[in-house]
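Below is one structure, written out as structure tokens; comments come after it.
All of the numbers you see were taken from the coordinates with simple rules; none came from a lab. This is a predicted model, so every value here is computed, not measured. For neighbour counting, all protein chains shown are included, and Cβ atoms are generated from backbone atoms with ideal geometry for every residue, glycine included.
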Amino acid sequence: MRKNNCELIRRELDELMLGEAHSSAATHHLRECASCREFHEQTTKLRHIVGSLGTVEAPADFDFRLRARLASQASSSVSSIYWPFARRGLALAAMVLLFATGAVVLRNILDKPASVNEVAQQPKVEQPPQKQVEELPVAKENGARTAVIANAGENDTQSIRKLSRPRPDYKKRSVAAMDFSSERANVIGEAGPVGVPAAFPIDASLQSFKVSLNDERGNEKTISVPTISFGSQRIVQGGNQFAPKRDW
Amino acid sequence: MNTLTTIDELGFAPALEQDVLEDTTSDHALLEATRSGDQDAFAELVSRYRNQITSYIYRMTNDYDGAVDLAQETFVRVYRAADRYQRTYAFSTYIYRIATNLAISELRKRKRRKLVSLTGFFQQTDGGEAQELNPPDGRPLQDLELVDTERRNAVQRAIGTLPEKYRAPLILRDVDGRSYDEIAKILETSEGTVKSRISRARGFLREKMRAYL
């Protein structure tokens, strides 16, 4: 009973404001109960200490910082209004860019030439039978593959050119060089009538040009002109453009 | 925890003193003026409550810079929610409730961060809350002011170790001197719960401050 009474009195004292008068029952109880009296004294002292903490003042620039904060939030709210529109625009631009990139990539893929494997897998196209080319006479004296062109006519020259072509659809022209400088020149004009100028074909592009003259008095003279080649390049040694020309 | 932004969420009982509402310099009138764009009225409101709110949050968080920041955030929310404010409720209760929610949110953030205190070796746990051991200095103090300062520091640290549900009602009651009814409205609980929590809080403090009592 006494314990319950102490609890009730302590609760009453606890709920009172500092300095507020308590009931007569509480006053009477505090006179008799040392424990509750000590509790009341400690609680009152504690509440005085806590109440003495007082108010902490805000800094002097509190208002200024608050205004700045409100202003910054207002500007951010304005930007947040326009953000959905900007976001839509950015999304649209990204889509257009993606579409354009895809179109370019697709175009490149379609224009790409077929690879070797793809060509190999393609069905063969029936080629028309090629015309047989007559075998050219080959000089067996040297044992080489050098063709004898001196007696060959114009048709034979064209045949040689045809043979040099690897494929009809191959665009790059093959470059071939033949050396006929060691071949012996033909002798012309021995059986012709006197006083009639001799006419003989000259194929300067195939061999060196040699002419033998006989005045029927025992004087014989030979004129030799070396092979003339056109289109060849010669590297100038030492970069001297005025170097003396060599024999050609 | 959701922080309070509108008066609609409060659910307060209408204020009894209607004559206060008629005063043109009352908090309600100033907020009405703020709603209509009067910046000076809002400045007056800020000047009335800035120290109280800053002090209250400082007692709750024991961090002055953080308290100033949270006090400013409190006023920002009041300003932004001025259009939705209903003058049938007490403004002081409204703004204290916002401040309480912000302070409790900050305390919970700190708890999640699990900051390691340099005095962690001297801490013990009590009811899930860390309590800092603060033995009183046994040497004789030469000045009564120093004694008071030391005592206030000790009680401030002791309050900082209280659980948040005990801390807020104790500060509102014993530091700010608010009534149980107002505290109950601020904390959204009943008066009986407020009284019980305040009694428990004082019991904790008595144990911690025994050397000073």
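Ranked by Cβ crowding within 10 angstrom, fewest neighbours first, how are A:Ile9, B:Ile95 ordered?
Fewest to most other Cβ atoms nearby, the residues stand as A:Ile9, B:Ile95.
Tell me the net charge near B:Asp63. Cut-off is 11 Å between Cβ atoms, B:Asp63 excluded, with +1 for each Lys or Arg and -1 for each Asp or Glu.
Around B:Asp63, the charge tally is -1.
Can you sort A:Leu8, B:Leu205 from fewest to most other Cβ atoms within 10 Å of each residue's own Cβ?
A:Leu8, B:Leu205
Using 0.36 nm per residue of separation minus the Cα-Cα distance, give me the extension gain between A:Ser208 and A:Glu38 in nm, one decimal.
47.0 nm
How well do other chains shield peptide B:75-84, expressed as the mean number of their Cβ atoms within 10 Å of each residue Cβ?
The shielding value for this peptide is 2.
How far is it, in nm, from the label point at A:Ala86 to the one at A:Ala71 when both lie 7 Å from their Cα along the line to the Cβ?
Spacing of the two 7 Å Cα→Cβ label points: 2.0 nm.
Local charge sum around B:Val76 (other residues, Cβ-Cβ under 13 Å, Lys/Arg +1, Asp/Glu -1)?
My count for the surroundings of B:Val76 gives +3.
Give me a single rounded figure for B:33-44: the average over its residues of other chain Cβ atoms within 10 Å of their Cβ.
Across the residues of B:33-44, the mean count of other-chain Cβ atoms within 10 Å is 1.
Could you work out the mean count of beta carbons from other protein chains within 10 Å of each residue's beta carbon in B:202-211?
Across the residues of B:202-211, the mean count of other-chain Cβ atoms within 10 Å is 3.
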